[in-house]
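These notes are about the structure you will find just below.
The values are calculated or read from the model by the stated rules, or taken from the named source; none is laboratory data. Given the structure is predicted, the values throughout are model-derived calculations rather than measurements. Here Cβ is always computed from backbone atoms with ideal geometry, including for glycine, and neighbour counts include all displayed protein chains.
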Amino acid sequence: MVWLLLLVATLPYKILKGKVERKDFHTYIERSFTLPKGVKRLRIEFSYDGREQRTAIDIGLMDPERFRGWSGGARNTFTISEEEATPGYLPGVLPAGQWTLLLGVPNIREGVVSNYEARIYINESSDKPIHTEAGWYRGDLHIHSGHSDGKCAAQSGVAVPCPVYRVVETAVNKGLDFIAVTDHNTTSQADALRELQPAFDKILLVPGREITTFYGHANIFGVTDFIDFRTTDATYAAARGWMNAVNKSGGIISINHPGLPSGENCMGCGWQIKDIPDKVITAVEVVNGATMNHSIGGWDLWHQMLNSGQHVTAIGGSDDHHAENIGTPTTVIYMKALSVQGLIDGIRSGRVFIDMEGDKNHFLDVLATHGRDTVYMGGVLKVAPSDTINVTAYVKGVSGGKVEFIMDGQINPALSRDIASNDEKIQVDPESHWHTMYVKVLDKEGKLALVGNPVYVDTQCAEPDSRRR
Ligand SMILES: [Zn+2]
Ligand SMILES: [Zn+2]
């Protein structure tokens with residue numbers, strides 16, 4: 001089934017073939033094709049023969065109403081979607097009806113016949129991996145550009161809407177592998193990211209958005225469609241529409257800075273939407289860079305969700321508005337590949353840690369073992385009550401610090417251990433009377449350096465009595 005889908009996804013929607021001869025020299029050929037309703041993304045791949053005889057064919061495109069761009073002989077493929085397009089082409093709605101591929105013929109020699117082929121693809125995925133290798137990737141999941149309220153200094157020093165390239169440059173200088181640009185409620189930054197990605201080909205630029213309501217803020221990743229953010233009360237019923245839309249289209253939701261107070265200083269900043277069912281929310285921004293030093297974290301809400309049995313991944317975000325503090329904190333995610341899908345799957349899996357200061361030497365991984373079963377952060381270990389579980393924390397770059405184990409939201413002081421070196425393996429063997437356990441790492445000054453995600457323990461299914469009930 002999966003193979004079939006992949007195969008279908010790579011087949012062209014239509015192929016236009018034709019030939020060019022000397023009679024076409026210095027003319028424009030129009031080749032029309034019909035687009036159905038509901039197309040969100042169109043890519044055309046163009047090829048022709050006779051280049052060795054100096055045949056040249058230029059390409060451009062018209063939709064049913066207007067000109068959509070021209071790339072001449074500069075490229076053999078281009079994409080147009082609602083939010084972004086290949087440079088040279090205009091993003092926007094793709095109306096159903098008759099479209100026209102424009103072919104200009106700057107040169108064809110007498111006696112030469114050149115065959116061309118235009119392959120038209122619709123609704124392809126735009127996700128291309130930056131790295132195909134699985135591994136730990138470091139980035140920032142919460143950044144604003146001038147497409148919302150991000151400001152930075154112009155040549156003269158005055159504050160102007162911060163261009164996206166400044167955000168990307170800053171992230172590159174901080175050594176990050178990915179960033180999500182999450183402007184408030186809009187996706188207009190996606191076109192800039194699209195233009196910058198080929199030039200910044202070592203950092204994944206993720207189109208995100210901060211859904212900004214009167215009752216709380218939440219980042220969404222992996223969705224580029226318009227999401228109707230208008231939430232007019234603090235009930236789940238009022239937010240269900242946009243939350244479902246995000247999840248249905250394969251995206252994820254992360255509640256932002258839930259600990260912030262809401263009021264006239266920061267309208268709608270705290271999270272007030274209650275009674276959200278399990279599995280709707282994937283992550284919580286436990287550490288927000290803008291509020292990192294004021295101890296207004298997202299801990300309370302995260303602990304409440306964990307204690308209610310939800311599996312929610314703790315992440316961080318700088319919430320930078322000035323292309324300055326990007327990467328503080330850094331979220332480090334184990335991904336199958338450095339791609340948008342890899343990032344989403346990685347956050348979903350929970351094998352993620354937050355690096356408060358964003359130091360490349362910092363590392364944290366946690367695994368729990370019982371018998372022959374081993375799980376990483378985010379995994380569920382099935383055990384019988386009072387079984388002993390072996391928990392191992394791998395910590396790098398925090399010599400002189402301390403590891404703390406947080407069980408069901410409470411620190412277990414008996415398990416705290418000092419970190420003797422910069423490459424440390426710490427093992428504890430607690431009994432399984434807890435459901436969630438995550439690791440906090442403090443540096444040698446006692447300041448929080450790293451936060452891991454929980455290993456979950458499920459004592460239900462291994463308990464014969466409860467199974468019978
Ligand atoms: Zn916010
Ligand atoms: Zn923000």
Determine if the range 193-207 includes at least one residue that is surrounded by fewer than 23 Cβ atoms within 10 Å (Cβ to Cβ), within 16 Å of ligand 1 (Cβ to nearest atom) and in contact (Cβ under 8 Å) with a residue 24 or more places away in the chain.
-> no
Within the range 99-119, can one find any residue that is away from ligand 2 (no atom under 16 Å from the Cβ), free of Cβ contacts under 8 Å to residues at least 60 places away in the same chain and either at positive phi or within 27 Å of the chain's Cα centre (by Cα) (or both)?
-> no
Only residues that are surrounded by 17 or more Cβ atoms within 10 Å (Cβ to Cβ), touching a residue at least 24 places away in the same chain (Cβ under 8 Å) and among the small types (G, A, S): list them for the range 15-73, please.
-> G50, G60
Within the range 121-155, which residues are away from ligand 2 (no atom under 16 Å from the Cβ) and free of Cβ contacts under 8 Å to residues at least 40 places away in the same chain?
-> A153, A154, Q155
Residues (within 14 Å of H362 (Cα to Cα) and surrounded by fewer than 20 Cβ atoms within 10 Å (Cβ to Cβ)) located in the range 389-423 | Y394, K396, S399, G400, K402, S421, N422, D423
Yes/no for I426 being crowded, with 18+ Cβ neighbours inside 10 Å, β-branched (V, I, T) and under 19 Å from I315 (Cα atoms) = no
Under 23 Å from T235 (Cβ atoms), charged (D, E, K, R), assigned to a loop (DSSP other than H, G, I, E, B) and in the same structural domain as I347 (by TED's automatic domain parsing) - does that describe any residue in the range 281-299?
-> no
Flagged pairs (Cβ under 7 angstrom, 6 or more apart or on separate chains; first in the range 295-319, in contact (Cβ under 8 Å) with a residue 40 or more places away in the chain; second assigned to a helix (DSSP H, G or I) and within 16 Å of ligand 1 (Cβ to nearest atom)) are G317/G289; S318/G289; D319/G289; D319/A290
Scanning the range 222-254 for residues that are in contact (Cβ under 8 Å) with a residue 60 or more places away in the chain, in a loop (DSSP other than H, G, I, E, B) and in contact with a strand residue (DSSP E or B) (Cβ under 7 Å, 6 or more places away or on another chain), which turns out nearest to I273 (Cα to Cα)?
-> G251
Qualifying residue in the range 186-193 (condition: in contact with a Gly (Cβ under 8 Å, 6 or more places away or on another chain) and either more than 16 Å from ligand 2 (Cβ to nearest atom) or at pLDDT 95 or above (or both)) | no
